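Colleague: Sharing a structure, written as structure tokens. Questions coming.
The values are calculated or read from the model by the stated rules, or taken from the named source; none is laboratory data. Everything numeric in this text was worked out from a predicted model, so none of it was measured. FYI the Cβ positions are ideal-geometry reconstructions off the backbone, even for glycines, and counts take in every protein chain you see. These area figures cover heavy atoms from the full protein model, side chains too; ligands, DNA and RNA do not enter into them. Shrake-Rupley method; radii C 1.70, N 1.55, O 1.52, S 1.80 Å.
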Amino acid sequence: MVIFRNLVNGEPLSNWWDNGSNQVAFGRGSRGFIVINNDDWTLDVTLNTGLPGGTYCDVISGQKEGSSCTGKQVQVGGDGRATFNISNSEEDPFIAIHADSKL
């Protein structure tokens with residue numbers, strides 16, 4: 001998460017979303033996007049990330065190693081939207097992607 005913080009430093013808050021309870025998501029400009037599920041049910045939503053299209057490595061569940069990812073992968077469409085599915089029972093119920101985690 002230190003890399004995430006450094007990459008998004010100075011970028012404006014963007015693409016805020018919440019479910020009115022304990023699921024939130026937001027971007028930092030076009031450099032990063034994070035989704036948090038702190039509810040008692042699964043989060044399953046398609047959101048505008050503000051990131052360019054492509055496949056990104058979730059830096060919470062793994063790390064980018066060359067052109068592969070040791071954790072979850074997130075597919076961002078050409079329109080900047082991605083579908084997120086995060087179970088409330090996951091050990092770390094959140095996802096973070098950023099410009100440098102693009103595969």
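Colleague: Out of the residues in region 1-22 that are more than 14 Å from the chain's Cα centre (by Cα) and in a loop (DSSP other than H, G, I, E, B), which is surrounded by the fewest Cβ atoms within 10 Å (Cβ to Cβ)?
Modeller: My answer is G20.
Colleague: Which of the residues belonging to region 23-50 are over 13 Å from D100 (Cα atoms), open to solvent by less than 70 Å² (accessible area, probe 1.4 Å) and either at pLDDT below 95 or assigned to a loop (DSSP other than H, G, I, E, B) (or both)?
Modeller: Of everything in region 23-50, those that are over 13 Å from D100 (Cα atoms), open to solvent by less than 70 Å² (accessible area, probe 1.4 Å) and either at pLDDT below 95 or assigned to a loop (DSSP other than H, G, I, E, B) (or both) turn out to be G29, D39, T42, T49, G50.
Colleague: Of all residues in region 51-75 being of a type in the set (V, I, T) and more than 10 Å from the chain's Cα centre (by Cα), which is surrounded by the most Cβ atoms within 10 Å (Cβ to Cβ)?
Modeller: Taking the candidates together, the pick is T55.
Colleague: So, one more: For the condition out of contact with any Ser or Thr (no Cβ under 9 Å at 6 or more places or on another chain) and modelled with pLDDT under 95, what is the one hit in S101, S67?
Modeller: Details: S101 fails: modelled with pLDDT under 95.
None of the other options fit; the residue is S67.
Colleague: Return the residues of region 57-103 that are touching a Leu at 6+ places or on another chain (Cβ under 7 Å) and aromatic (F, W, Y); say none if nothing qualifies.
Modeller: Result: F84, single match.
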